[in-house]
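Engineer: Pasting in a structure now, in structure tokens, and then I'll have a few things to ask.
The values are calculated or read from the model by the stated rules, or taken from the named source; none is laboratory data. Every value quoted in this text rests on a predicted model; they were computed, and no experiment measured them. Neighbour counts are summed over all protein chains in view; Cβ atoms, including those assigned to glycine, are modelled from backbone coordinates with ideal geometry. Quick note on the areas: whole protein, heavy atoms, side chains included, nothing else; ligands and nucleic acids left out. Shrake-Rupley method; radii C 1.70, N 1.55, O 1.52, S 1.80 Å.
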Amino acid sequence: MAEETQVLVRFVTKLPAHLRVPETPVAVPSDLKRYGLSQIINHLLALDPPRPFDFLIDGELVRKSLEQHLLAHNLSAESTLEVEYVPAVVPPQQKNSTPHDDWVSSVDGSRCTPASSSGGTPNGVVVSGSYDGLLRLWNGDLEAMASVSAHSGGVNCVRFLPKSQGDLLMTSGKDRLVKMWQLESSEEEDAGPSCRLVATYRAHEDGVEAVAASPSGRRFASCGWDGKLLVWEGGRAVAEAAEAEAAAGTAEASKKKRKTGGANGSAPAGSGGLTITEPSADLRGHLHCVSSVVWPAENSLFSGGWDHSVRRWDVSSGAAADTYNGSKAVLCIASHAAAPALVAFGCSDRALRLWDTRGKPGSDALAVSTQGAHGGWVTAVAWCPSSQHHIASGSHDGTIKLWDIRTQIPLGTLSHHTDKVLALGWLGGAEAGHARGLVSGGADCQLRMYESDYIVS
């Protein structure tokens, strides 16, 4: 019988002190994979119940045995391997689903804290947009709280502005419009919030596919089928201007009413919010539909389009600072504020790709890599707000996949949708500091919520 080969391993971690093991090298069997290594850490820490861990060697997630890793990287079996352990990301489980009257085209769960992280009681609100033109508000159990007719022809995108701007929400639609809404709480007990139109933005000549707010929330970008990528002023300043105009209109209407006796049911001027027709910038370069936009740093945003390109824009100059030209349409895009040079995008060739705009050291080539693939168009991608390493993608194949960008093997696949996945978002935004789940929508006319017992970090 062949003698078992062993490898010297030094376990290190950045976790709190109570989750650290001694860094003295220990001999472990070379055929151990992640599960066996996780058992060792749980034994050394005497954890009850046990917790799953993942392991990194030189920044790469371990997905083979230690022996296979040594061979693949031409390392000596006599060397001491430094292995970092981190909490494993366990794919969330579906908690709730609720039907819509039409396809669910967009979702935002950044203002919702699931029950698993709030003492058993879900908090906040989830918003969804649908092809029936309605903007809907849901509580953390996906119980309907309110709806409003937002766009004729269908809603394409719904996005909250950062909390620093208050409870403001952007929508865009097939009617060529972008709208900003104020979420308002009801004074009546047990009554849910409502939406009030603050401003309407008119400059697009075709359906507006997506909107994205700057990190400050004072500006946002919109893009659409007319090939335009426009930058607008938004946020609290516009909301306050709308309130001032509405107040002035109410005063003027009161004067006229006193003079003429008024008319029943007349609405004060400004009751529909401001109308804004002049964007602050027009970023030109795309040759076809601009399908997606993300704004990770105040002076830098990314856009993707049906002209097969992803472009990084210098917002101050209005020029494209970098361009990636692929071979298939770019359908969705995501980035993380803590890593604004890195962008993930999904394409019609079923691939999920990463682009590091810092490039490869010593090379003029663009650092674009294929993270993984689906069985259909990749139509939704969302970067975890509490982790630079984790993203989720959704596809026309009806699945959602969870990824760690340090490995090309998906962490898990969710197959609950019975038709195309069109929309995807994490529960809890950057301000929450953690994410424990996802919310998704699709062509099966279902809004679905998934939760995990573990924080993604």
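Engineer: I'd like to check which strands (runs of 3 or more DSSP E) are fully inside the stretch 282-366 and have at least 2 residues that are of a type in the set (S, T, N, Q) and open to solvent by 20 Å² or more (accessible area, probe 1.4 Å). Walk me through how you get there before you give the answer.
Structural biologist: On the way: elements: 290-297, 300-305, 309-314, 319-325, 330-336, 339-347, 351-356.
Where strands (runs of 3 or more DSSP E) fall fully within the stretch 282-366 and carry at least 2 residues being of a type in the set (S, T, N, Q) and open to solvent by 20 Å² or more (accessible area, probe 1.4 Å), they are 319-325.
Engineer: From the list Asp31, Asp58, which one is within 32 Å of the chain's Cα centre (by Cα), open to solvent by 80 Å² or more (accessible area, probe 1.4 Å) and assigned by the TED database to the domain that holds Glu78?
Structural biologist: Details: Asp31 fails: within 32 Å of the chain's Cα centre (by Cα).
The conditions single out Asp58.
Engineer: Then there's this: So is Glu4 open to solvent by 100 Å² or more (accessible area, probe 1.4 Å), touching a Lys or Arg at 6+ places or on another chain (Cβ under 7 Å) and of a type outside the set (Lys, Arg) or not? Let's see the steps before the verdict.
Structural biologist: On the way: open to solvent by 100 Å² or more (accessible area, probe 1.4 Å): yes; touching a Lys or Arg at 6+ places or on another chain (Cβ under 7 Å): no; of a type outside the set (Lys, Arg): yes.
Judged against the criteria, Glu4 is not a match.
Engineer: Residue check: is Asp397 acidic (Asp, Glu), open to solvent by 30 Å² or more (accessible area, probe 1.4 Å) and at pLDDT 90 or above?
Structural biologist: yes
Engineer: In the stretch 64-77, what residues are free of Cβ contacts under 8 Å to residues at least 60 places away in the same chain and of a type outside the set (Ser, Thr, Tyr)? Spell out how you get there, then give the answer.
Structural biologist: Of the stretch 64-77, the ones free of Cβ contacts under 8 Å to residues at least 60 places away in the same chain are 64-66, 68-69, 71-76.
Hits for the stretch 64-77 are Lys64, Leu66, Gln68, His69, Leu71, Ala72, His73, Asn74, Leu75.
Engineer: I've got another one for you. With the condition kept exactly as written, say whether any residue in the stretch 166-178 is of a type outside the set (D, E, K, R), open to solvent by 60 Å² or more (accessible area, probe 1.4 Å) and either modelled with pLDDT of 95 or more or more than 23 Å from Ala242 (Cα to Cα) (or both). Quick ask: steps written out before the conclusion?
Structural biologist: The first filter runs over the stretch 166-178 and keeps only residues of a type outside the set (D, E, K, R), leaving 166, 168-173, 177-178.
The next check asks that each one be open to solvent by 60 Å² or more (accessible area, probe 1.4 Å); those that pass are none.
No, there is no match, as no residue in the stretch 166-178 is of a type outside the set (D, E, K, R), open to solvent by 60 Å² or more (accessible area, probe 1.4 Å) and either modelled with pLDDT of 95 or more or more than 23 Å from Ala242 (Cα to Cα) (or both).
Engineer: Just a yes or no: is a residue in the stretch 196-210 open to solvent by less than 30 Å² (accessible area, probe 1.4 Å), within 21 Å of Gly441 (Cα to Cα) and either in contact with a Gly (Cβ under 7 Å, 6 or more places away or on another chain) or not small (Gly, Ala, Ser) (or both)?
Structural biologist: Scanning the stretch 196-210, I find at least one residue that is open to solvent by less than 30 Å² (accessible area, probe 1.4 Å), within 21 Å of Gly441 (Cα to Cα) and either in contact with a Gly (Cβ under 7 Å, 6 or more places away or on another chain) or not small (Gly, Ala, Ser) (or both), so the answer is yes.
Engineer: Can you tell me which residue within the stretch 402-419, out of those that are open to solvent by less than 40 Å² (accessible area, probe 1.4 Å) and assigned to a strand (DSSP E or B), is farthest from Ile391 (Cα to Cα)?
Structural biologist: Only one residue fits best here, namely Leu414.
Engineer: Test Val127 against the criterion of being crowded, with 19+ Cβ neighbours inside 10 Å, under 18 Å from the mean Cα position of the chain (by Cα) and modelled with pLDDT of 95 or more, and give yes or no.
Structural biologist: Values: crowded, with 19+ Cβ neighbours inside 10 Å: yes; under 18 Å from the mean Cα position of the chain (by Cα): yes; modelled with pLDDT of 95 or more: yes.
Judged against the criteria, Val127 is a match.
Okay, residues lined up against (1) at pLDDT 50 or above; (2) under 25 Å from the mean Cα position of the chain (by Cα); (3) within 30 Å of Lys163 (Cβ to Cβ):
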| residue | (1), (2), (3) |
| --- | --- |
| Leu230 | yes, yes, yes |
| Gly234 | yes, yes, yes |
| Gly249 | yes, no, yes |
| Gly265 | no, no, no |
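Engineer: Limited to the stretch 61-81, what total is found for residues that are open to solvent by 50 Å² or more (accessible area, probe 1.4 Å) and either within 33 Å of the chain's Cα centre (by Cα) or modelled with pLDDT of 95 or more (or both)?
Structural biologist: 2
Engineer: Sticking with this one: Taking strands (runs of 3 or more DSSP E) that do not extend beyond the stretch 139-240, which have at least 2 residues that are of a type outside the set (A, V, I, L, M)?
Structural biologist: Details: elements: 144-149, 155-160, 168-173, 177-184, 194-202, 208-213, 219-224, 229-233.
In the stretch 139-240, the matching strands (runs of 3 or more DSSP E) lie at 144-149, 155-160, 168-173, 177-184, 194-202, 219-224, 229-233.
Engineer: Looking at this structure, is Leu274 open to solvent by less than 60 Å² (accessible area, probe 1.4 Å) and touching a helix residue (DSSP H, G or I) at 6+ places or on another chain (Cβ under 6 Å)?
Structural biologist: Details: open to solvent by less than 60 Å² (accessible area, probe 1.4 Å): yes; touching a helix residue (DSSP H, G or I) at 6+ places or on another chain (Cβ under 6 Å): yes.
Yes.
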